[in-house]
Amino acid sequence: MNEKLLLTIIKYATLNSVSTNTISDETRIPINTVIRNINNLVEEKLLTISHEIIEASFDQRIQLAIYGIKEGIDIEKICTALGWREFEDLVILILEYNGFKTLKHYRFKSLVRRYEIDILAYRDSLILSIDCKRWKRSWQKAATRRIIHAQVERTKALIQSFSSLTNFFKITNLINIGFIPLIVTLSETPYKIYEKVPAVPIFHFQNFLDEMNIHIDRLMTLRDFNQ
């Protein structure tokens with residue numbers, strides 16, 4: 001499918017409904033071509049259409065993103081079309097595909113400070129503590145280091161107040177759990193790993209998960225030594 005057409009469909013699908021004429025006007029692609037391609041997406045259950053108005057549910061928008069990636073469209077363009085929140089949801093989709101149980105936007109208080117972690121993901125006695133960064137501008141080394149240090153601080157604070165979530169993740173003994181701070185980004189950063197904390201572009205995230213157990217000794221793994 002034409003890249004511009006698919007990205008326009010994804011962008012407007014995020015707004016829940018749009019006419020085929022609007023898509024044709026914006027892309028300058030003939031209406032018959034637009035309708036033919038949209039019908040193909042409807043057959044794949046990626047869209048619904050009624051009276052020339054297309055709609056996409058949340059799940060369908062995520063599946064549209066995956067379809068676009070398979071079509072070879074740059075993932076940064078896809079995530080930009082989807083919007084910030086759905087970049088996080090794409091991260092969650094990949095995690096759950098790999099067998100992780102996830103929780104988004106976990107807010108908690110440790111001592112006198114309040115924190116929020118974008119995504120927590122649990123599998124095989126490991127909890128990934130993930131900060132999602134959608135920056136499009138060039139990453140600077142100093143800014144990257146600050147982001148990584150902040151995520152390590154949040155993860156250490158999380159350990160001290162995590163017992164309230166053990167039922168959610170069905171964890172019976174925290175002493176066996178390792179917490180790995182992690183940054184997932186939309187674009188490349190100056191560091192692949194800094195002080196044992198990885199900064200992983202979304203387009204490498206699946207590879208990272210595939211190889212994580214192989215390289216686990218290279219990753220910062222924090223534990224609750226008070227249990």
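Values as computed for the structure displayed
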| item | result |
| --- | --- |
| Which of ASP25, ASP89, ASP224 has the fewest Cβ neighbours within 10 Å, and the rest in rising order | ASP25, ASP224, ASP89 |
| Considering only the chain, percent of DSSP beta bridges that pair antiparallel, nearest 5 | 70 |
| Those lysines that a straight Cα-Cα span of less than 24 Å connects to LYS170, excepting residues fewer than 8 apart in one chain | LYS101, LYS104, LYS109, LYS156 |
| Distance (nanometres) between label positions extended 7 Å along Cα→Cβ at ASN98 and ASN213 | 1.2 |
| In order through the stretch 201-211: 3J(HN,Hα) via Karplus (6.51 cos²θ - 1.76 cosθ + 1.60), integer Hz, x for Gly, Pro | x, 4, 6, 10, 5, 4, 4, 4, 5, 4, 9 |
| Qualifying lysines (Cα of each under 18 Å from Cα of LYS4; at least 8 residues distant if same chain) | LYS70, LYS77 |
| Inter-label distance for GLN140 and ILE29, nm, one decimal - labels placed 7 Å from Cα along Cα-to-Cβ | 4.0 |
| Which of LEU47, VAL91, HIS215, positive extreme of dipole for the chain (C-beta unit charges) | HIS215 |
| Net charge of Cβ neighbours under 10 Å - reference PRO190; Lys, Arg +1; Asp, Glu -1 | +2 |
| Relative contact order computed over the chain (Cα-Cα under 8 Å; 6+ residues apart), in percent | 14 |
| Span per principal axis, largest first, for the Cα atoms of the chain (Å) | 65, 38, 36 |
| Packing rank of 202-213, 174-185, 115-126, where each peptide gets the mean count of other beta carbons within 10 Å, highest leading | 174-185, 115-126, 202-213 |
| Helical mean residue ellipticity (222 nm; -39500 (n - 2.57) per DSSP H run of 4+; nearest 500) of the chain | -13000 deg cm²/dmol |
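Computed from the coordinates by the stated procedures, all read-outs in this text should not be read as laboratory data. Predicted, not measured: the structure shown is a model, and the values here were computed from it. All Cβ positions, even for glycine, are placed from backbone atoms using ideal geometry, and neighbour counts span all protein chains on display.
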